[in-house]
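Structure provided below as structure tokens; questions to follow.
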Amino acid sequence: MKIFSKEQIYEGDALTAKKQNISSTDLMERAGIQIFNWLHMRMHGAQVPIHIFCGIGNNGGDGLVIARHLITHGYNVKTYIVNYSTSRSKDFLINYDRIKNTTKDWPILLNEESELPQIEERDIIVDAIFGIGLNRPVANWVVNIFNHFRATKAFVLSVDIPSGLQTDAVPTSPNNVVNAGYTLSFQSPKLVFFLPETAKYTVQWEVLDISIDPEFLYTTPTEADLIGKNEVLTIYKPREKYSHKGTFGHALIIGGSYGKIGAVNLAGRGALSAGAGKVTAFTPKCGYIPLQGAFPELMLITDKDEEKLTEINFDIDANVIAFGVGAGTDNESIDAFEAFLKTNKKPLVIDADGINMLAKRESLLKLLPERQTILTPHPKELERLIGTWKDDFDKLQKTKAFSKKYKCIVVIKGANTITVAEDKLYVNVTGNPGLATAGTGDVLNGMIAGMIAQGYDLLSATVFAIYLHGKAADLLVDELGYQSFIATHVVEGIPLAYLDLFKKPEQPQVEEEDDGEED
């Protein structure tokens, strides 16, 4: 699914109106009806008080459409106009006239001096004050309305985007944004739904199809794409009957040090469970007995040193090399990494201490094979690579600049892990807080390498592995809980994640009518 920018959304709206020969008011009606339908399907006429707060722009116009349809269907509706400016959009004014012709209970005008309406915790608030066009600070008296929403503890449904939240900036204060329990976004989610500093403003979100021009949707390139099941299904490569282990490639895992051999174990299991035909590990000698004893499927080569990497030599022709898990950052190990980089021609997946080595000796960055390198840092490792950032948008810009400079893929790990491939972002939808535990990144490192070994290109391998990694956790966390989830469970969940790709949605059971006759 594409994540369109604010400017692209406006372009799509205008193009749709032109190609479908409808007015912008008609498109607003279509959008408002979709939200009404969403509410009506869930409420079935329940007389829960619904308080609809409308701004005076197009988002407020959407709110007036919703209010009008709820009123005509007999719902208990109170409509308010948040009069924050003297300028009103044309479509807002049209729908303001329409609602006045629908009910004698006209919208209540709210301004700086107005007393805020009484709202009970059991009520519903529909937030249609500001939309994606907001580009200025919210007035203090409007912020007081947002705070009033929070104080009531009522359920808040936001129209398209929580009011006060901009599509391309982090709020200066959390009070300046509505906290939505649910946001119904038109045609496309917003990037701010997936960033740590802004995702908190909506607990859940859903996209409503308002029939924007299909050609525009399919052909318009976007800065960001959302990666879910439908997207990875198009990547998946089915296996032929007469394939063999050589068909699915050979992954080499280089890493480990005294006390951190388990990281190599996890990465190797991730690579094999993701589907690599063969996996070999290169570790210090101290890794030989624990890995051979605990992991019979793994082949092993060792360094001459007992406790750390000092000289990386091997005579196997691997398809991909994963480097860094558990490796430490001893100067001898960095020297060995540098010597390896100077001769390596294979795709690289670098994680953990491999990234820390790059940060400690920045000259190594120039040795990374162009468009053949994937970096998978956690937040602190990312900071060592790109420097500090002022907010999430600055972080994305700096990561994109880094990716372009070194022609590599960078994975920003998080609740919604984002893959950065130069100017393009791929936002993952799977995963949960259970993954916030040691070793899960090692598994992901191996999984990406395992996908590349099978023949997936680097970008496809990255987004596919990240999806499966998160899905593995999602499928097991209900059974195991967040706190007790460990990295080994991710490995156990990979087969389930693969099977889930082809699981058909459960169909609702239809009860047979009783004809009244006895058997």
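The values are calculated or read from the model by the stated rules, or taken from the named source; none is laboratory data. Small disclaimer: the values here were computed from a predicted structure and weren't measured. Ideal geometry is used to build each Cβ from the backbone, glycine not excepted, and the neighbour counts take in all protein chains shown. Please note that ligands, DNA and RNA were not included when accessible areas were found on the heavy atoms of the full protein model with its side chains. Shrake-Rupley method; radii C 1.70, N 1.55, O 1.52, S 1.80 Å.
Using only Cα atoms, find the angle between the long axis of helix 58-72 and the longest principal axis of the chain, and express it within 0 to 90 degrees, rounded to the nearest 10.
60 degrees
First select every other residue whose beta carbon is under 12 angstrom from the beta carbon of Leu348; then total the charges, Lys and Arg +1, Asp and Glu -1. Can you show the working numbers first?
Numbers: positive: Lys345, Lys346, Arg371; negative: Asp351, Glu370.
Summing Lys and Arg as +1 and Asp and Glu as -1 gives +1.
So what's the Cα pair-distance distribution over region 155-207, bin width 5 Å, in %?
In whole percents, the pair-distance histogram is 5, 24, 38, 25, 7, 1.
Express in % the proportion of alpha carbon pairs of region 276-357 at distances exceeding 20 Å. Spell out each step's value before the answer.
Details: 967 of 3321 pairs.
In whole percent, the share of Cα-Cα pairs in region 276-357 beyond 20 Å is 29.
Just to confirm my numbers, what's the Cα centroid distance between region 393-436 and region 236-277 in Å?
Measuring centre to centre over Cα atoms gives 23 Å.
Follow-up question, since we're still on this one. For Lys390, go through the aspartates and glutamates and keep the ones whose alpha-carbon is under 15 Å away, minus same-chain ones fewer than eight residues off.
Output for Lys390: Asp168, Glu197.
Okay, moving on. Of all DSSP beta bridges in the chain, what percent run antiparallel (nearest 5)? Working shown, then result.
Numbers: 10 of 62 bridges.
Here the antiparallel bridges make up roughly 15 percent for the chain.
Let me ask another. Checking the a/c ratio against 1.5 first, then a/b against b/c, what shape does the Cα gyration tensor give for region 228-284?
On the way: a/c = 4.05, a/b = 1.76, b/c = 2.30.
Verdict is oblate for region 228-284.
Between the DSSP loop rule and a limit of at most 13 other Cβ atoms within 10 Å, which GluC sites (Glu not before Pro) in region 114-220 are left? Provide the component values of the computation, followed by the final result.
On the way: sites: Glu115, Glu120, Glu121, Glu197, Glu206, Glu215; in loops: Glu115, Glu120, Glu121, Glu197.
Passing both the DSSP loop test and the Cβ count: Glu115, Glu120, Glu121.
Another question, if that's okay. Convex hull over the Cα atoms of region 59-154, averaged projected area in nm²? List each step's numbers first, then the result.
On the way: hull surface 26.0 nm².
For the Cα atoms of region 59-154, the hull's average projected area reads 6.5 nm².
Quick one: Debye curve from the alpha-carbon atoms of the chain only, equal weights, vacuum; give me log10 I(q)/I(0) at q = 0.06, 0.10 Å⁻¹ to two decimals.
Normalising to I(0) and taking log10 leaves -0.37, -0.85.
Counting only heavy atoms of protein chains, what accessible area per residue, in Å², does region 327-439 have with a probe of 1.4 Å? Could the numbers behind the result be given before it?
Numbers: 4720 Å² over 113 residues.
Heavy-atom accessible area per residue stands at 42 Å².
With everything on Cα atoms, drop me the angle between helix 90-100 and the longest principal axis of the chain, reported from 0 to 90° to the nearest 10.
Its long axis makes an angle of about 50 degrees.
When only Cα pairs under 8 Å and 6 or more residues apart are kept, what is the percent relative contact order across region 426-467?
Details: 20 pairs, mean separation 22.2, N = 42.
Reported relative contact order: 53 percent.
Within the chain, which is the longest segment containing none of the trypsin sites (Lys or Arg not before Pro) that sit in a DSSP loop and have at most 12 other Cβ atoms within 10 Å? Could the numbers behind the result be given before it?
On the way: sites that count: Lys104, Arg122, Lys153, Arg239, Lys241, Lys304, Lys345, Lys390, Lys503.
The answer is 391-502.
Looking at region 452-503, which chymotrypsin sites (Phe, Trp or Tyr not before Pro) are in a loop (DSSP not H, G, I, E or B) and have at most 12 other Cβ atoms within 10 Å? Walk me through the numbers before you get to the answer.
Numbers: sites: Tyr456, Phe464, Tyr467, Tyr482, Phe485, Tyr498, Phe502; in loops: Tyr456, Tyr482, Phe485, Phe502.
Sites meeting the loop and neighbour criteria: Phe502.
How big is Rg to Rh over region 171-320, alpha-carbon atoms, Rh as the Kirkwood inverse-mean-distance radius? Write out the running numbers ahead of the final one.
Details: Rg = 23.6 Å, Rh = 20.0 Å.
Computed over Cα atoms, the ratio is 1.18.
Further question: How many angstrom lie between the Cα centre of region 41-106 and the Cα centre of region 10-33?
Result: 19 Å between the Cα centres.
Could you order peptides 426-433, 57-64 by the average number of other Cβ atoms within 10 Å of their residues, highest first? Kindly include the intermediate steps, with their values, before the conclusion.
Values: 426-433: 20.6, 57-64: 27.6.
Packing order, densest peptide first, comes out as 57-64, 426-433.
Still on this structure: Given axes a ≥ b ≥ c from the Cα gyration tensor, I'd like to know whether region 1-80 is rounded (a/c under 1.5), prolate (a/b larger than b/c) or oblate.
Working: a/c = 2.14, a/b = 2.04, b/c = 1.05.
Verdict is prolate for region 1-80.
Can I ask one more? Average the reciprocal distances over every distinct pair of alpha-carbons in region 417-493, invert the result, and give the Kirkwood radius in Å.
Values: mean 1/r = 0.0788 Å⁻¹.
Value: 12.7 Å, from the Cα pair sum.
With the full set of protein chains in place, find how many percent of the accessible area of the chain is carbon and sulfur; take the probe as 1.4 Å.
Numbers: 11900 of 24050 Å².
Percent of accessible area from carbon and sulfur atoms in the chain: 50.
To continue, here is another question. Over the chain, calculate the relative contact order: mean separation of alpha carbon pairs under 8 Å at least 6 apart, over the residue count, as a percent. Write out the running numbers ahead of the final one.
On the way: 1050 pairs, mean separation 60.2, N = 519.
So the answer I get is 12 percent.
Right, something else. Roughly what angle does helix 140-152 make with the longest principal axis of the chain, taking Cα atoms, 0 to 90 degrees, to the nearest 10?
Once rounded, one gets 80 degrees.
In whole Å and largest first, what semi-axes does the C-alpha gyration tensor of region 271-423 yield when each eigenvalue is scaled by 5 and square-rooted?
Details: eigenvalues 157, 57, 44 Å².
Its equivalent ellipsoid spans semi-axes of 28, 17, 15 Å.
Given a cut-off of 18 Å, name the pairs among Lys413/Lys504; Lys6/Lys424; Lys229/Lys398; Lys278/Lys471 whose C-alpha atoms lie farther apart than that in the structure shown. Provide the component values of the computation, followed by the final result.
Working: Lys413/Lys504 29 Å; Lys6/Lys424 16 Å; Lys229/Lys398 29 Å; Lys278/Lys471 24 Å.
Over 18 Å apart, Cα to Cα: Lys413/Lys504; Lys229/Lys398; Lys278/Lys471.
Also, I was wondering about something else. Just the accessible area per residue of region 119-278, please: how many Å² with a 1.4 Å probe?
On the way: 6780 Å² over 160 residues.
Value for region 119-278: 42 Å² per residue.
Give me the log10 of I(q) over I(0) for region 353-448 at q = 0.12, 0.24 Å⁻¹, as the Debye formula computes it from C-alpha points; what are the numbers?
Cα-only, vacuum Debye calculation for region 353-448: -0.36, -1.50.
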